[in-house]
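Only the coordinates and a few stated rules stand behind these numbers; no lab work does. Since this is a predicted model, take the numbers as computed values, not measurements. Cβ placement follows ideal geometry from the backbone for every residue including glycine, while neighbour counts extend to all protein chains displayed.
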């Protein structure tokens, strides 16, 4: 608990301002729409993980917290080999699950998307 599990690494991860994203070709914008997320504290910054953070999955009861934006911390002890999870609603309230996940989670939105 409390161990840092991820941090923004500029050699692997990207932080792009909204204006930079809008200047990209349509295919690149579509890629970012699917794989990037907005910074929790600055909605004009799009974050794109190039490291293992890109494999992070959603959980209603996640084992990590990203309130600091550029770093993630364990909210409880995590066993070796256990999947790291986060609450997508912490990053952006407009997030909607893919249809296959909507059925799994019973909702199209993460639990605290209203925050």
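Here is how the numbers come out for the structure above:
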quantity	calculated
Point-to-point label distance, residue 68-residue 9, nm (Cα→Cβ direction, 7 Å offset)	1.7 nm
Segment residue 77-residue 18, extension gain: residue separation times 0.36 nm, minus the distance between their alpha carbons	17.6 nm
Ratio Rg/Rh [Cα only; Rh per Kirkwood] for the range 4-105	0.97
Contour minus Cα-Cα distance for residue 85 and residue 34 (0.36 nm per residue)	16.6 nm
